[in-house]
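Single-structure report; data block below.
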Amino acid sequence: MTTREPIAFRKTLELPHAQALERVIAALREEGFGVLTSVDVRKTMKERMNADFRAYTIIGACNPPLSQRAFHENLEAGLVLPCNVIVYEKDGRAEVAIADPIVMMGTLNDPGLDSVAREAKAKLERVIQGLS
């Protein structure tokens with residue numbers, strides 16, 4: 001069995017889901033990311049399957065200058081962009097996880113994307129570290 005690199009940075013917040021979601025979005029904006037997509041998984045499960053699910057949101061975050069650089073290097077970068085962030089409720093707290101861009105872009109095996117991935121990782125690490 002091989003040891004795998006973690007695919008995400010994680011943090012638990014002593015906040016309800018809705019407040020944590022607001023903080024995450026604000027922290028992303030501070031690092032130059034906008035929200036391209038926001039999927040309310042609970043609502044989707046209820047509407048499509050009449051199933052109950054915990055509060056769970058998937059955010060597709062985009063930093064336009066970094067995305068432009070990635071696309072310039074490799075048009076298939078769209079397979080791993082935007083950067084995915086999840087915020088979900090667990091035991092009365094909010095769990096936040098942000099996909100590691102180095103791991104995600106690494107799946108394309110293109111050294112031209114390395115500098116973009118490193119810069120995105122630094123920004124997203126500041127996002128997760130800044131959450132409290």
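Every number in this text was worked out from the coordinates using simple rules, so none of it is lab data. This is a predicted model, so every value here is computed, not measured. Heads up, the Cβs are rebuilt from the backbone with ideal geometry, glycines too, and the neighbour counts pull from every protein chain shown.
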Between residue 38 and residue 114, what's the calculated FRET efficiency when r is the beta-carbon distance and R0 is 25 Å? Round to 0.05.
0.30
What relative contact order, as a whole-number percentage, does the chain give when Cα pairs under 8 Å and 6 or more residues apart are counted?
33 percent
Which of 71, 33 has the fewest Cβ neighbours within 10 Å, and the rest in rising order:
71, 33
Charge-dipole axis of the chain as Lys and Arg at +1 and Asp and Glu at -1 on Cβ define it, positive-most pick from 16, 56, 79
16
Under a point-charge model restricted to the Cβ atoms of Lys and Arg (+1) and Asp and Glu (-1), what is the dipole moment magnitude of segment 19-83 relative to its Cα centre, in debye to the nearest 20?
260 debye
By a straight-distance test (C-alpha under 25 Å), which lysines pair with residue 11 as possible cross-link partners, with residues fewer than eight away in the same chain excluded?
43, 90, 121, 123
So if the hydrodynamic radius of segment 15-130 is defined as the Kirkwood radius over C-alpha pairs, what does Stokes-Einstein give as its diffusion coefficient at 25 °C and 0.890 mPa s, in µm² per second?
165 µm²/s
Under the rule of -39500 (n - 2.57) per DSSP H run of 4 or more residues, summed and divided by the residues of the chain, what mean residue ellipticity at 222 nm is obtained, to the nearest 500 deg cm²/dmol?
-13000 deg cm²/dmol
Dipole magnitude (debye, nearest 20) for the chain, charges at Cβ of Lys, Arg, Asp, Glu:
300 debye
